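Notes to accompany the following structure.
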2 protein chains.
Amino acid sequence: MNTKYEGFETPGITVDLSIFTVNETRLKVMLVRRAEVPFQGYWSLPGGFLKTSESLDAAAQRVLCEKSGVSDVYMEQLYTFGDPKRDPRSRVITVAYIALIPWQSLPQPASEKVTDLTWASVDALPKLAFDHREILSYAVKRLRAKVSYSNIVYGLMPKQFRLSELQSMYETIIDDKLDKRNFRKQMLATGLLKETGKKELAGAHRPAMLYQFKSKEIVFFN
Amino acid sequence: MNTKYEGFETPGITVDLSIFTVNETRLKVMLVRRAEVPFQGYWSLPGGFLKTSESLDAAAQRVLCEKSGVSDVYMEQLYTFGDPKRDPRSRVITVAYIALIPWQSLPQPASEKVTDLTWASVDALPKLAFDHREILSYAVKRLRAKVSYSNIVYGLMPKQFRLSELQSMYETIIDDKLDKRNFRKQMLATGLLKETGKKELAGAHRPAMLYQFKSKEIVFFN
DNA sequence: ATACTAAGTGTACAATGAACACTAAGTATG
DNA sequence: CATACTTAGTGTTCATTGTACACTTAGTAT
């Protein structure tokens, strides 16, 4: 270890992830139960220490994959939290990330009861470890804002979907109702969707056209 | 030092600042000349290591004050850069900040020639140390974007100003011309400005009303 | 055959944004 | 002191965008 930082901090660096999904018209976030002190038994955001020669993005990807079993999903850096007292043990700075996973992409939980991982509705959160409540609030705020000026919801949709499902996704996240005709007009006007030609199979009602995104690119409007 | 981080990184943490001002209708950023290796003699963004028990924001404030002599200006965290190779000596993670200073608030440089600090036009930058070019590109991008959906330019204006000066500030940052009548209508419609009652004193032309901001609050439009 | 469910479609009006040119109030000059 | 010069200040028209709103269609279930 070099001596370059005498008198300066050499804190631990972690990444913490707000991993979102939508299920049953609720915006949900992944929480893991802490096995160790401090905050033993508390729910917390999944996270972990940065490894040697690992970039921040790579660390976030690693944590994502470890906890969710998926990769290749939308992820972005959110903010860095560095209050000297945020970890009671010692100085730890955390770089927070947001990730989005379509509910359909999640592997089914193993049949034995998984009690150390849960998906909590963001409007019914338990007490969280560290400053994770603050981090999560900020993440939800960013997500809600970004939904209205980008096509970030792509990250939460399955490969193919009905327009009504897409509308429901928007409504769940922004927690408001949208007009069906206007919504469809606007979505199709973006030119980012294409019909698959296929129609929904089942249901005691008129079958819906299935759509998909032309590309995975995230675009900003306005 | 605890042993908790064995096998993990305990990198140095720095803050690096993109300190912007506008002068002579140019968007400028503060650069400092590096006295030491690596990148000795190169221009770089002002920055410094995080001190013990110092929050990230406090560190950024400290650096800002050391280099510019001002405090109480607009500042926000930008992004955290953590590529393992970004510092050739050893692992250093930097939390980048943006700050805005009205040109009029800057203390005059001491009369002896200051050669280790400069204000460079963002479209005529010298070679920069480390990954500071990348950081600065991102900062400029964020600033330009934010100008169009917030009143962030407040941070660059003097206490009192003419509407034509405000317009010029916008035009400089977004690098485009605006329509005078529409601009005035829109600005006054925000309700964030108030007349001071005073008029500009000098000039071989009709004197302009001076305005100021009702509050320092940053507001988002749309 | 009828009831049920979600899909799918167009128009009228309001609000917002964009283009555009002249008069007003001072100072400087001959 | 008349004229030239400079920047301040002001409204209207038109195009575009956004918003409110209700009925028909295509399938399944009974």
* To do: Return yes when A:GLN167 is under 29 Å from B:ALA145 (Cβ atoms), touching a Phe, Trp or Tyr at 6+ places or on another chain (Cβ under 6 Å), within 16 Å of DNA strand C (Cβ to nearest atom) and at pLDDT 95 or above and no when it is not.
  => yes
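May I ask you to verify whether A:PRO84 is part of a loop (DSSP other than H, G, I, E, B), free of Cβ contacts under 8 Å to residues at least 12 places away in the same chain, crowded, with 17+ Cβ neighbours inside 10 Å and in the same structural domain as A:LYS28 (by TED's automatic domain parsing)?
Numbers: part of a loop (DSSP other than H, G, I, E, B): yes; free of Cβ contacts under 8 Å to residues at least 12 places away in the same chain: yes; crowded, with 17+ Cβ neighbours inside 10 Å: yes; in the same structural domain as A:LYS28 (by TED's automatic domain parsing): yes.
Answer is yes for this residue.
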* Within the stretch A:82-117, can you find the residues that are over 15 Å from the mean Cα position of the chain (by Cα), within 14 Å of chain B (Cβ to nearest Cβ) and not aliphatic (A, V, I, L, M)? -> A:GLY82, A:ASP83, A:PRO84, A:LYS85, A:ARG86, A:ASP87, A:PRO88, A:ARG89, A:SER90, A:ARG91, A:THR94
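Only one of B:LYS199, B:LYS185, B:LYS180, B:LYS216 is within 17 Å of B:LYS159 (Cβ to Cβ) and either within 14 Å of chain A (Cβ to nearest Cβ) or near DNA strand C (Cβ under 8 Å from one of its atoms) (or both). Can you tell me which? Talk me through it step by step, then tell me what you get.
Values: B:LYS185 fails: within 17 Å of B:LYS159 (Cβ to Cβ); B:LYS180 fails: within 17 Å of B:LYS159 (Cβ to Cβ); B:LYS216 fails: either within 14 Å of chain A (Cβ to nearest Cβ) or near DNA strand C (Cβ under 8 Å from one of its atoms) (or both).
Within the list B:LYS199, B:LYS185, B:LYS180, B:LYS216, the selection yields B:LYS199.
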* Asked: Does any residue of the stretch B:53-70 turn out to be modelled with pLDDT under 95 and either in the same structural domain as B:ILE173 (by TED's automatic domain parsing) or more than 15 Å from the chain's Cα centre (by Cα) (or both)?
  -> yes
* Hey, B:SER44 modelled with pLDDT of 95 or more and open to solvent by less than 20 Å² (accessible area, probe 1.4 Å) or not -> yes
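Could we say that A:LEU136 is more than 14 Å from every other protein chain (Cβ to nearest Cβ), within 14 Å of the chain's Cα centre (by Cα) and either of a type in the set (A, V, I, L, M, F, W, C) or more than 16 Å from DNA strand D (Cβ to nearest atom) (or both) here?
Details: more than 14 Å from every other protein chain (Cβ to nearest Cβ): yes; within 14 Å of the chain's Cα centre (by Cα): yes; either of a type in the set (A, V, I, L, M, F, W, C) or more than 16 Å from DNA strand D (Cβ to nearest atom) (or both): yes.
Yes.
Among the candidates B:ALA145, B:ALA124, single out the residue that is more than 18 Å from B:LEU78 (Cβ to Cβ) and either touching a strand residue (DSSP E or B) at 6+ places or on another chain (Cβ under 9 Å) or modelled with pLDDT under 95 (or both).
So the residue among B:ALA145, B:ALA124 that is more than 18 Å from B:LEU78 (Cβ to Cβ) and either touching a strand residue (DSSP E or B) at 6+ places or on another chain (Cβ under 9 Å) or modelled with pLDDT under 95 (or both) is B:ALA124.
Taking the stretch B:52-81 as the search range and keeping residues that are free of Cβ contacts under 8 Å to residues at least 12 places away in the same chain and assigned to a loop (DSSP other than H, G, I, E, B), which one is farthest from the other protein chains (Cβ to nearest Cβ)?
Looking only at the stretch B:52-81, we keep the residues that are free of Cβ contacts under 8 Å to residues at least 12 places away in the same chain, and these are B:52-55, B:58, B:65, B:71-72.
Restricting the remaining residues to those that are assigned to a loop (DSSP other than H, G, I, E, B) gives B:52-55, B:71-72.
Values: B:THR52: 5, B:SER53: 5, B:GLU54: 7, B:SER55: 5, B:SER71: 19, B:ASP72: 21 Å.
Among them, the one singled out is B:ASP72.
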* Looking only at the stretch A:104-159, which residues are among the β-branched types (Val, Ile, Thr) and either surrounded by 12 or more Cβ atoms within 10 Å (Cβ to Cβ) or touching a residue at least 60 places away in the same chain (Cβ under 8 Å) (or both)? -> A:THR115, A:THR118, A:VAL122, A:ILE135, A:VAL140, A:VAL147, A:ILE152, A:VAL153
* Would you mention how many residues in the stretch B:188-222 are among the acidic types (Asp, Glu) and either outside any loop (DSSP other than H, G, I, E, B) or within 11 Å of DNA strand D (Cβ to nearest atom) (or both)? => 2
* Unmet requirement for A:PRO126, which otherwise passes all of (1) more than 16 Å from DNA strand C (Cβ to nearest atom); (2) in a helix (DSSP H, G or I) -> (2)
* Structure fact -> Residue hits (the stretch B:53-78; out of contact with any helix residue (DSSP H, G or I) (no Cβ under 7 Å at 6 or more places or on another chain), hydroxyl-bearing (Ser, Thr, Tyr) and either closer than 22 Å to A:GLY12 by Cα or open to solvent by 20 Å² or more (accessible area, probe 1.4 Å) (or both)) are B:SER53, B:SER55
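The values are calculated or read from the model by the stated rules, or taken from the named source; none is laboratory data. As the structure is a computational prediction, the values presented were derived from the model and not from experiment. Every residue, glycine among them, receives a Cβ derived from its backbone with ideal geometry; neighbour counts consider all protein chains shown. SASA here: full protein model, heavy atoms, side chains in, ligands and nucleic acids out. Shrake-Rupley method; radii C 1.70, N 1.55, O 1.52, S 1.80 Å.
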